[in-house]
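Written out below as structure tokens is the structure these notes cover.
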Amino acid sequence: MGASSWPSETELDGVKKMVAEMSGRGVEEVRVVVSPYRICPLGAHIDHQGGTVSAMTINKGILLGFIPSGNTQVLLRSGQFEGIVRFRVDEVQHPRSAASENNKVHENDSSKTYEECDWGTYARGALYALQKENHLTQGIIGFICGSKGLDSSGLSSSAAVGVAYLLALENANSLTVPPTENIELDRVIENEYLGLRNGILDQSAILLSSYGCLTCMNCKTKEHKLIHSPKLHGSPESKGQKAYKILLAFSGLKHALPNNPGYNRRVAECQEAARILLDASGNGDLEPLLCYVEPAAFEAHKCTLESNLLRRAEHYFSENMRVAKGLEAWASGNLDDFGKLISASGLSSIQNYECGCEPLIQLYEILLRTPGILGARFSGAGFRGCCLAFVEADRAIEAASFVRNEYHKLQPVLASQLNQDTAVLICEAGDCAHVI
């Protein structure tokens, strides 16, 4: 583990005391899953096509305090949502789509009374994923909460929550599961249980990251590596290198990703582009993913694509190139070039992938003209949430104030709905998910 500043002892103590009260057990018996939020500096929207992505975690995220229940019962409370979630680990879980088609699925489910507590979906999803290969006998009593006052939209809080439940259930049942397998298990939660067609970027970052490193993940081969920078942020500067902070600027937009057709539609368009290009190049028997299309084949046959499919493919191939150049810039400590590539990624997300909306695009444009900003782009799917930026450490406070004021001028209603203390947040790098 690295030197991440999160969680604080105060945060850990608060979670432990809550679980101790819920369970009637001692504080010293409570375990805590630390599951950080992630950012993706480069590699936007290409993980589901087998592209190469970069990511790192930040010093904010999900804390899940828990204790083995001593039986099959799971009992959960949330710091953000009302109600109690209850179910048993010996109940067979079904994908949400299947459950909606068959109202009898939960006929004998002990949690039927608590179905209004929809925030427990990811806990059920974790059980669904684990049941495929494991027989669980131990439930948990748990309290889950996100970093106080933080709108986690665009930071993959859903993957952080899924990973947290997986680690807690595994720990309670004495299961040893390597990070690479938990990446697949969290994919099962999101793809199979929830029906979201995303890739493995989010859970890979959360499970594989190391403090001060850039995580590089080849989503086609599932191979990953940690890219060390010559110096960590916040340390004394070396010649020609800058200390940095991570800036998160929130839009105030909130939409549930699985219910937004824009995301799944973009994935389908990428797959259709891949199918056409593979057919044209004589490789129609391959899975329709853009990672199986050679760059030369794209250049030779891109004229066969309709305009919207061409833009999706253009984004994929150009973003893969930006990732490769970005990894080199990071490894050499060249944050200026790294930042320029991030901003170029943001522009391609708008023009070629066609994600984002007026408030997010305005935030992106504000960040580009903010003093001290090295590079900026959307964080997350780009249909809600926030923008991320790398900023010179000694100008971070000035930059945050500038962005907050400029955004309020353009979007006064949305800006007024944000917590002003966390509307623009200055963060540092984090570490991987783990159990304390």
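The values are calculated or read from the model by the stated rules, or taken from the named source; none is laboratory data. Fair warning: this is a prediction, and the values are worked out from it, not measured in the lab. When we count neighbours, we look across all protein chains shown, and the Cβ atoms used for this are built from the backbone with ideal geometry, even at glycine. Note: areas computed on protein heavy atoms with side chains; ligands, DNA, RNA excluded. Shrake-Rupley method; radii C 1.70, N 1.55, O 1.52, S 1.80 Å.
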query = How big is the antiparallel share of DSSP beta bridges in the chain, given as a percent to the nearest 5?
reply = 90
CD proxy at 222 nm, helix term only [per DSSP H run n ≥ 4: -39500 (n - 2.57); per residue of the chain; nearest 500] = -12000 deg cm²/dmol
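Give the carbon-plus-sulfur fraction of the accessible surface of segment 1-89 in %, rounded to a whole number; probe 1.4 Å, heavy atoms of protein chains only. Before the final figure, lay out each step's value.
Working: 1480 of 3270 Å².
After summing per-atom areas, the C and S share lands at 45 percent.
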task = Could you please report the charge total around LEU76, scoring K, R as +1 and D, E as -1 over all other residues with beta-carbon less than 13 angstrom from its beta-carbon?
result = +2
Phi-based couplings in Hz for segment 192-202 (Karplus 6.51, -1.76, 1.60; Gly and Pro marked x) = 8, 6, 9, x, 8, 9, 8, x, 10, 4, 4
ask   = When Lys and Arg each count +1 and Asp and Glu each count -1, what net charge do the other residues less than 13 Å away from GLY356, Cβ to Cβ, add up to?
value = 0
note = Given the candidates ILE397, ALA205, GLN411, the one whose Cα lies deepest towards the positive end of the charge dipole of the chain, counting +1 at each Lys or Arg C-beta and -1 at each Asp or Glu C-beta, is ILE397
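Rounded to the nearest 20 Debye, what is the dipole magnitude of the chain about its Cα centre when Lys and Arg each give +1 and Asp and Glu each give -1 at the C-beta?
560
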Eligible aspartates and glutamates near LYS220 by straight Cα distance, threshold 14 Å, same-chain separation 8 or greater = ASP47, GLU184, GLU287, GLU294
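Over 21 Å apart: what share of the alpha carbon pairs of segment 1-72 falls there, rounded to a whole percent? List each step's numbers first, then the result.
Values: 1168 of 2556 pairs.
Beyond 21 Å sits 46 percent of the P(r) for segment 1-72.
Where Lys and Arg each count +1 and Asp and Glu each count -1, what net charge lies around ILE58 among other residues with Cβ under 9 Å from its Cβ?
Around ILE58, the surrounding residues sum to +1.
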query = In the chain, with Lys and Arg counted as +1 and Asp and Glu as -1 at Cβ, which of these residues, THR422, THR215, GLY26, has the Cα nearest the positive end of the dipole, that is, farthest along it?
reply = THR422
inquiry  = Under the rule of at least 5 residues apart or a separate chain, name every residue whose amide H is placed under 5 Å from the amide H of GLY43.
reply    = SER54
task = Determine the shape class of segment 365-412: with a ≥ b ≥ c the square roots of the Cα gyration tensor eigenvalues, call it rounded for a/c under 1.5, and otherwise prolate if a/b is greater than b/c, oblate otherwise.
result = oblate
message = Check which residues have an amide H placed less than 5 Å from GLY51's amide H, if you skip close sequence neighbours.
response = CYS219
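Hey, what did the chain get for relative contact order, percent, Cα under 8 Å, at least 6 apart?
On the way: 924 pairs, mean separation 101.0, N = 436.
Once divided by the residue count of the chain, the mean separation gives 23 percent.
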